[in-house]
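Presented below is the structure to which this report refers.
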Amino acid sequence: SELIRGFLLSGMPCPSSCPPGLLALMAPGLALMATFSLPSQAGDRRALPVEKSPGVKGRTLILLDVNTKSPVRIISENFLSLQLDPSIIHDGWLDFLSSRRLVTLARGLAPAFLRFAGKRTDFLQFHNVKNPAKSRGGPGPDYYLKNYEDDIVRSDIALDKQKGCKIAQHPDIMLELQREKAAQMHLVLLKEQFSNTYSNLTLTARSLDKLYNFADCSGLHLIFALNALRRNPNNSWNSSNALSLLKYSASKKYNISWELGNEPNNYRTLIGRSVNGSQLGKDYIQLRSLLQLIRTYSRANLYGPNIGRPRKNVMALLEGFMKVAGSTVDAVTWQHYYIDGRVAKVTDFLKTRLLDTLSDQIRKIQKVVNTYTPGKKIWLEGIGATSAGGMNNLSDSYAAGFLWLNTLGLLASQGIDVVVRHSFLDHGHNHLVDQNFNPLPDYWLSLLYKRLIGPKVLAIHVAGLQRKPRPGRVIRDKLRIYAHCTSSHNHNYVRGSITLYIINLHRSRKKIKLAGTLRDKIVHQYLLQPYGKDGLHSKSVQLNGQPLAMVDDGTLPELKPRPLRAGRTLVIPPLTMSFYVVKNVNALACRYR
């Protein structure tokens, strides 16, 4: 024990004279000496704060090991997925989903689900109208400056001539006109959102074709949420419009999964009439029966009920739904926004209390789901840093990444199978890609996650010495560490490698010494920091000191690591996010699929 204590206090590597098996003995001993704790992958188990030995001075020493024998969770390969809001019909961006640049950006995040849903889901009507592009002649030679609608028509005609994946190269003037249109519509959409009063939207067959083409070209699986607010006099679901959409999709052999409605707990405020959990369950059973009548969708996946934040009335709705239709859905879904986007501040993204609010919600949802359908998969859909469309220079900045990366780590560690990010492209400021089709900080964070993180979640063991222990006080730690097997799709690393991802919310750097199975291994560092003078408000990022940007419309940049010599202490700069691939660990948990 004295040898272990000496090693801890010195921060030096264990000498060759250490007894065999010392590191194996260290894990329980380290926890006893910790004066702070970190969330474990097996749950948030906090060590009791204890007094530090007299004479221990100065810096924080953090020791980290990972259980490499078996994963504590295995999540979906599509764990990090995307959402598009139906508002893109309103503001015109749906017509630009065939852009090569957008498809390239979406492909970078594949494999993933693409959920087409949002506040306007329950105001969406499908119309199988004649294709306008085939019934109109082409525009004149200088049409770009004359007729924006003709511009869209000509683009559609060109796309019709392509076979397979349809990709468009939109002229700059066309995009500029679209941005002007979208800016005008943005005010209309915000007014609807704040008043909670939405106008009806029409989805044509051509629009559905464009949506599916985008998903298919990008390697994403489309999930389409049907309008649940079309109601019969007895309050049961009127499926006539949904049947028309299903038949058209089946005729095109579109591979789609389905949902019904969005946040059903809010229906009373939307239309003055509520739909309880039992009735919603019956509606889902009706939809399942409808799918089984259509050969293409007889085995299609069905997800729901996509409830809002699990407050008392929402949990009552979920219980009623699970009693009736728990076995009908393939995964149970809910959604969460951390902050009201109208009042958010940059300091909000650094609050550990805010980062921890999701844990309690997960437990509430899991309790109900496991009561009625033990083992049923749970998804978090529509997750965003802020509600109300977000806030410019905040929810689309580097600072928002702290919430996003912690959300990914927390959900994976607690067994949530899929998280759907709102939104890939949107009229607000919660998106991954802006209206110039430039990737924002959360996009690059998501891209790194996709490239480096596999579905197997590993338990971590952490201990350390802190300068100012506070016995009796629960210390909300500002250093978040998560561990997974490295993605098997990344051919730069052999199976058995491990990836750590770390969030440092401290305003000082932290040092981490890898111990146990991770000791003396070569590590590749991927350090993501804000780029430019705006700091945490920045919309640009740098990876290991190099700014990230697309090479061209069809090419993402190479994500180059910084190799660290074996045994080197990891130095985590203040207010940063980083990934560390520990090479050649030969972890048993990671060697096989």
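The values are calculated or read from the model by the stated rules, or taken from the named source; none is laboratory data. These numbers were taken from a predicted model, which means no experiment stands behind them. We place every Cβ from the backbone using ideal geometry, glycine too, and count neighbours over all the protein chains shown. We work out accessible area using only protein heavy atoms, side chains counted, and drop any ligands, DNA or RNA first. Shrake-Rupley method; radii C 1.70, N 1.55, O 1.52, S 1.80 Å.
From the set of residues in the stretch 66-97 that are among the charged types (D, E, K, R) and at pLDDT 95 or above, which is most open to solvent (accessible area, probe 1.4 Å)?
LYS69
Would you confirm whether or not the stretch 190-206 contains a residue that is modelled with pLDDT of 95 or more and acidic (Asp, Glu)? Checking the stretch 190-206: not a single residue is modelled with pLDDT of 95 or more and acidic (Asp, Glu).
State yes or no: is ILE416 at pLDDT below 95, assigned to a loop (DSSP other than H, G, I, E, B) and either at negative phi or over 17 Å from the mean Cα position of the chain (by Cα) (or both)? Criteria not met by ILE416.
Checking each residue in the stretch 348-383 for being surrounded by 17 or more Cβ atoms within 10 Å (Cβ to Cβ) and small (Gly, Ala, Ser) picks out only GLY382.
Being farther than 20 Å from SER98 by Cα and of a type in the set (A, V, I, L, M, F, W, C) is true of ALA225. For the subset of the stretch 414-425 comprising residues that are open to solvent by 10 Å² or more (accessible area, probe 1.4 Å) and in contact with a strand residue (DSSP E or B) (Cβ under 7 Å, 6 or more places away or on another chain), which member is farthest from LEU105 (Cα to Cα)? Checking each candidate, the answer is GLY415.
Given the criteria at pLDDT 95 or above and either in contact with an Asp or Glu (Cβ under 7 Å, 6 or more places away or on another chain) or closer than 30 Å to LEU354 by Cα (or both), does GLY304 qualify?
So GLY304 passes the test.
When the test is whether a residue is more than 25 Å from LEU394 (Cβ to Cβ), in contact with a helix residue (DSSP H, G or I) (Cβ under 9 Å, 6 or more places away or on another chain) and in contact (Cβ under 8 Å) with a residue 24 or more places away in the chain, SER488 passes it.
When GLY428 is tested against (1) open to solvent by 10 Å² or more (accessible area, probe 1.4 Å); (2) at pLDDT below 95; (3) farther than 26 Å from LYS560 by Cβ; (4) not polar (S, T, N, Q), only condition (1) is not met.
So that you can scan it fast, the table gives a plain yes or no per residue for (1) closer than 25 Å to THR407 by Cβ; (2) assigned to a helix (DSSP H, G or I); (3) open to solvent by 10 Å² or more (accessible area, probe 1.4 Å); (4) hydrophobic (A, V, I, L, M, F, W, C):
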| residue | (1), (2), (3), (4) |
| --- | --- |
| LEU270 | no, yes, yes, yes |
| LEU287 | no, yes, no, yes |
| LEU291 | no, yes, no, yes |
| THR296 | no, yes, yes, no |
| ARG309 | yes, no, yes, no |
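On inspection, LEU556 qualifies as modelled with pLDDT of 95 or more and either surrounded by 19 or more Cβ atoms within 10 Å (Cβ to Cβ) or hydrophobic (A, V, I, L, M, F, W, C) (or both).
Note down all Cβ pairs under 9 Å where the first residue falls in the stretch 170-199 and is over 15 Å from ASN436 (Cβ atoms) and surrounded by fewer than 16 Cβ atoms within 10 Å (Cβ to Cβ), the second is at pLDDT 90 or above and of a type in the set (Phe, Trp, Tyr), and they're at least six residues apart or on different chains. As it stands, the answer is SER199/PHE123, since those pairs meet every condition given. Residues that are over 13 Å from PRO439 (Cα atoms), of a type outside the set (Gly, Ala, Ser) and free of Cβ contacts under 8 Å to residues at least 12 places away in the same chain: does the stretch 536-557 have at least one? For the stretch 536-557, residues over 13 Å from PRO439 (Cα atoms), of a type outside the set (Gly, Ala, Ser) and free of Cβ contacts under 8 Å to residues at least 12 places away in the same chain: absent. Once the stretch 488-542 is narrowed to residues that are surrounded by fewer than 17 Cβ atoms within 10 Å (Cβ to Cβ) and small (Gly, Ala, Ser), the residue that is modelled with the lowest pLDDT is SER508.
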